[in-house]
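The values are calculated or read from the model by the stated rules, or taken from the named source; none is laboratory data. Just so it is clear, the model here is predicted, and its values are computed rather than measured. Cβ sites come from the backbone with ideal geometry, for glycine too, and all protein chains shown count toward neighbours.
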Amino acid sequence: MGAGLAPGPGRDESLMAAAAVGDESALGELYDRHAGAMLGVALRILKLRQDAEDLVHDVFVEAWQKAADFDAERGSVRSWLLVRVRSRGVDRLRSLTSARRRGLLGDGENVSEEADPKVGPVWDGPDRERARKALDRLPEPQRTLVELAYFEGMTCSEMATHCAIPIGTVKSRLSAALGKLREALAVGGRFE
């Protein structure tokens, strides 16, 4: 543990501040705290473990370079990292899909040779059960869209096609679902 960094609710923010001024051990601790959840999201999007691990590495390199840009007013460090993994993962998936269409990669070809289909999202944080319950309590149409967006890496237009609903409906359902999840997972928040 880095000297002078107290454990507790502001721990991640303190670690980001330390990383912003070049503290490598702070970045290492952030990695230890969040890499599992990030890998779970990356695996759900990219399917292949090596690609997912490469993505998590790339996001931590980016986090190191942009640590000073982190704004605690806009969300938690965990959310900041997970949003980056999802966004970069979707970009990478599109890039791989495009390369396959142009014949630059074979159908199953990627950086890794083997996928591990039994690997689901890895989230070992203390709020895992609360998050799972909050997600399970969402109405089915909202839960489906959250899962397609965050675990399958689909865009709003892809979800609209997949679910055969207008894109505006996708966006409004997704927005409502995220609002409910935010409320349910807020400190002391209750899901009604």
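For the stretch 5-74, which fully contained helices (runs of 4 or more DSSP H) count at least 2 residues that are closer than 25 Å to Thr97 by Cβ and without any contact (Cβ under 8 Å) to a residue 12 or more places away in the chain?
Once the helices (runs of 4 or more DSSP H) in the stretch 5-74 are filtered for at least 2 residues that are closer than 25 Å to Thr97 by Cβ and without any contact (Cβ under 8 Å) to a residue 12 or more places away in the chain, what remains is 49-65.
For (1) surrounded by fewer than 16 Cβ atoms within 10 Å (Cβ to Cβ); (2) at pLDDT below 70; (3) in contact with a Cys (Cβ under 7 Å, 6 or more places away or on another chain), each residue gets a yes or a no:
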{"site": "Arg74", "(1), (2), (3)": "yes, no, no"}
{"site": "Leu82", "(1), (2), (3)": "no, no, no"}
{"site": "Arg100", "(1), (2), (3)": "yes, yes, no"}
{"site": "Gly106", "(1), (2), (3)": "yes, yes, no"}
{"site": "Glu114", "(1), (2), (3)": "yes, yes, no"}
{"site": "Val146", "(1), (2), (3)": "no, no, no"}
{"site": "Met154", "(1), (2), (3)": "no, no, no"}
{"site": "Thr161", "(1), (2), (3)": "yes, no, no"}
{"site": "Ser172", "(1), (2), (3)": "yes, no, no"}
